[in-house]
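Asks: The structure's right below; bear with me while I get my questions together.
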Amino acid sequence: MNMTWKNLELWLEQVAFNGKIRKNGSPMFEHSVDVGRRLRTLNCDNITIFAGYCHDVIEDVIMTCDNEAEKVKLSYELYKNALDIFKNQEDADKAIETVNSCSYQPIEYREEEAFFKETGDKKKAKLLRKDMAIERWLNSDDRVKNIKICDVKSNLVTAQLVSPEFYKDYTSWAVPLMEKLENDLSVSSRLSFT
């Protein structure tokens, strides 16, 4: 099969996210598609675009799946999609590595859980995880930075639909992150992946 961005969008909708709904009530795949399309508009390279499309697959699909066989199947399909797009293992590996870099890491979840067990403060525990990820994203390569900028911009469009409190909480950390990432990237570097 000759994989195209449209095929990847269909895979995200029908297989990866398969009916999952976001906090704002919209289908989960729509956000991933929006991020991928934003990156295409910026003329980013295909590795960045693929990772943008798939940036939530690991943390919101694979890591949340209770069925180990299904986790393996989804992980295999994610990698197969990368191979189908790039036609070579080196670029497919780079794309999957970039997807992983955009996701919250298991160590960040473990630290959140340990802090919560120690303090009982769920909100501070979640902030600890976010702070760890933000520090990592700020020190990432330009691909990850572009993806996270587009991720935040996409989320800002729909965060208000969840609740005023959610929007206030989200913007309190996401907007400063986006601004720092944007300051770190020049316009030419955002467009250099063509």
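The values are calculated or read from the model by the stated rules, or taken from the named source; none is laboratory data. Here the structure is a predicted model, which is why all the values come from computation and not from measurement. Positions of Cβ are generated from backbone atoms using ideal geometry, with glycine treated the same way; all protein chains shown enter the neighbour counts. Accessible surface is based on the protein model in full, side chains and every heavy atom, while ligands, DNA and RNA are left aside. Shrake-Rupley method; radii C 1.70, N 1.55, O 1.52, S 1.80 Å.
Asks: If you stretched the chain out fully between THR41 and SER172, how much longer would it get, using 0.36 nm times the residue separation minus the C-alpha to C-alpha distance?
Replies: 44.5 nm
Asks: Could you give the length gained by full extension between GLU118 and GLU97, i.e. 0.36 nm per residue of separation minus their alpha carbon distance, to one decimal place?
Replies: 4.3 nm
Asks: Roll a 1.4 angstrom probe over the protein heavy atoms and tell me the percent of accessible area of the range 68-111 that is carbon or sulfur.
Replies: Summing carbon and sulfur atoms, their accessible area is 53 percent of the total for the range 68-111.
Asks: Apply the Kirkwood formula to the range 6-91: the hydrodynamic radius equals the inverse of the mean of 1/r over all pairs of different alpha-carbon atoms; give it in Å with one decimal.
Replies: 13.2 Å
Asks: Taking the alpha-carbon set of the range 120-166, what are its Rg and Dmax in Å?
Replies: That works out to 13.0, 37 Å for Rg and Dmax.
Asks: Per residue of the range 156-161, what does 6.51 cos²θ - 1.76 cosθ + 1.60 with θ = phi - 60° give for ³J(HN,Hα)? Whole Hz please, x for Gly and Pro, Karplus curve as stated.
Replies: 4, 5, 10, 4, 5, 6
Asks: Compute the accessible area per residue over the chain, keeping the other protein chains in place, probe 1.4 Å, unit Å².
Replies: Ligands and nucleic acids excluded, the figure is 53 Å² per residue.
Asks: OK, next. Considering only protein heavy atoms, with the full assembly of protein chains and a 1.4 angstrom probe, order LYS6, LYS153 by accessible area, largest first.
Replies: I get LYS6, LYS153, largest accessible area first.
Asks: Would you mind computing the Rg to Rh ratio of the chain from its alpha-carbon coordinates, Kirkwood style for Rh?
Replies: 0.96
Asks: Could you give the nm distance between label points at ASP141 and GLN89, where each point is 7 Å from its Cα heading toward the beta carbon?
Replies: 1.8 nm
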